[in-house]
């Protein structure tokens, strides 16, 4: 019972800290905090536009993978606002990977077979790991995703750069959060713009994943995507570091 009580106290304390951080960080960021919600709505607009134009099962699975990208956007943003940068980048890396797989299973029957038959262990898992590497997923027209995947991976793996943000050696403390007080709001805003630009790129790549989608709804999606891209670029220009790292062609 004593161990259970202590564990519950730790968890509850973390819930409380997370909620305080969420409110404080979101308020400190200002207008840029709306970007993830706008991107989530853009994901929904995209699915509404293509949902009735999916010709086969691989296309339906690819569309579902894009819905998963929206999930990773939402979870990554909530992690960032709670001051967990590594988790935010881990979710972003997963979103980029999902977009790459969506493209692969649409253009190649064997890739779809391997993805469909992946049982999570044994030979089927090995086949999927070998098939869906960053080197094979992000070639050609998807090269932009490779850079995003690599940057998100670097910032989500345990390494000196990411681990060090948890430590305060002068005070002998270790923090669960890896965004420090001095990182708010500038660094958090930079990360938010980078992640937003990454998801916008995913939604731009959607034109290659679903090349046959057409009609007024698709045209409206592209118009809204361009408008949101311009907003992200403006925020990037106001936060030059994020702009230089994350934006192209603004």
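The values are calculated or read from the model by the stated rules, or taken from the named source; none is laboratory data. Worth saying up front: this structure is predicted, and the values here are computed from it rather than measured. With ideal geometry, Cβ positions are generated from the backbone for all residues, glycine too; neighbour counts draw on all protein chains shown.
Of all residues in the range 113-147, those being at positive phi and either touching a residue at least 60 places away in the same chain (Cβ under 8 Å) or not in a helix (DSSP H, G or I) (or both) number 1.
Among the candidates 178, 118, 141, the residue that is under 30 Å from residue 63 (Cα atoms), crowded, with 17+ Cβ neighbours inside 10 Å and modelled with pLDDT under 90 is uniquely 118. Checked against (1) closer than 18 Å to residue 96 by Cβ; (2) buried (at least 20 other Cβ atoms within 10 Å of the Cβ), residue 208 passes all but a single condition, namely (2). Can you spot a residue in the range 166-175 that is over 18 Å from residue 87 (Cβ atoms), out of contact with any helix residue (DSSP H, G or I) (no Cβ under 7 Å at 6 or more places or on another chain), surrounded by fewer than 16 Cβ atoms within 10 Å (Cβ to Cβ) and modelled with pLDDT of 90 or more? No. Pairing residues of the range 11-22 that are closer than 10 Å to residue 176 by Cβ with residues that are surrounded by 15 or more Cβ atoms within 10 Å (Cβ to Cβ), at Cβ distances under 6 Å and at least 6 apart in sequence or on separate chains, gives 18/82. A Cβ distance below 6 Å, combined with a sequence gap of six or more or placement on separate chains, defines the contacts here; from the range 43-60, residues that are more than 17 Å from residue 219 (Cβ to Cβ) reach residues that are part of a loop (DSSP other than H, G, I, E, B) in the pairs 60/54. Among helices (runs of 4 or more DSSP H) entirely within the range 1-90, having at least 1 residues that are at pLDDT below 95 and surrounded by fewer than 17 Cβ atoms within 10 Å (Cβ to Cβ) singles out 2-29.
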